[in-house]
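Have a look at the structure below, then the notes.
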Amino acid sequence: MSALPEVSLAAVIGRTDPKWGERPILLVQTRDADEISDDDLLAPLRGKVAPWWIPDAVIRLPRMPLASTGKIDKMRLRAEYGGA
């Protein structure tokens with residue numbers, strides 16, 4: 001995702017899925033929410049990762065939660081967005 005200048009932070013987590021158990025979703029903090037489409041956000045992944053690893057959904061966050069270490073707080077993201 002670093003190849004996209006519109007993206008300031010991004011994370012992929014698993015979301016509960018009744019059929020597959022879990023499916024990936026992309027959570028992204030952009031510099032301007034209207035500046036880039038969901039398809040443009042996912043385009044760098046196509047052809048580089050297996051199709052089943054392409055996120056099913058893109059969720060735009062106004063501010064990515066950070067842990068005290070300064071890293072993206074994936075535990076919080078999973079708690080808030082990992083359910084079906």
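Any read-out appearing in this document is the output of simple, stated calculations on the displayed coordinates, not a laboratory observation. As the structure is a prediction and not an experimental result, all values here were calculated from the model. Ideal geometry is used to build each Cβ from the backbone, glycine not excepted, and the neighbour counts take in all protein chains shown.
The number of residues in the stretch 38-78 that are among the β-branched types (Val, Ile, Thr) and out of contact with any strand residue (DSSP E or B) (no Cβ under 6 Å at 6 or more places or on another chain) comes to 3. Scanning the stretch 23-66 for residues that are part of a helix (DSSP H, G or I) and farther than 15 Å from PRO5 by Cβ gives ASP38, ASP39, LEU42, LEU45, PRO51, TRP52, TRP53.
Within the stretch 45-61, count every residue that is surrounded by fewer than 15 Cβ atoms within 10 Å (Cβ to Cβ), within 13 Å of the chain's Cα centre (by Cα) and not hydrophobic (A, V, I, L, M, F, W, C).
Going residue by residue through the stretch 45-61, those that are surrounded by fewer than 15 Cβ atoms within 10 Å (Cβ to Cβ) are 46-53, 56-57, 60.
Within this subset, residues satisfying the condition of being within 13 Å of the chain's Cα centre (by Cα) are 53, 56-57, 60.
Of the ones still in play, those that are also not hydrophobic (A, V, I, L, M, F, W, C) are 56, 60.
Matching residues across the stretch 45-61 total 2.
Checked against (1) within 13 Å of the chain's Cα centre (by Cα); (2) free of Cβ contacts under 8 Å to residues at least 24 places away in the same chain; (3) outside any helix (DSSP H, G or I), THR69 passes all but condition (1). Checked against (1) of a type in the set (D, E, K, R); (2) exposed (fewer than 11 other Cβ atoms within 10 Å of the Cβ); (3) touching a residue at least 40 places away in the same chain (Cβ under 8 Å), LYS19 passes all but a single condition, namely (3).
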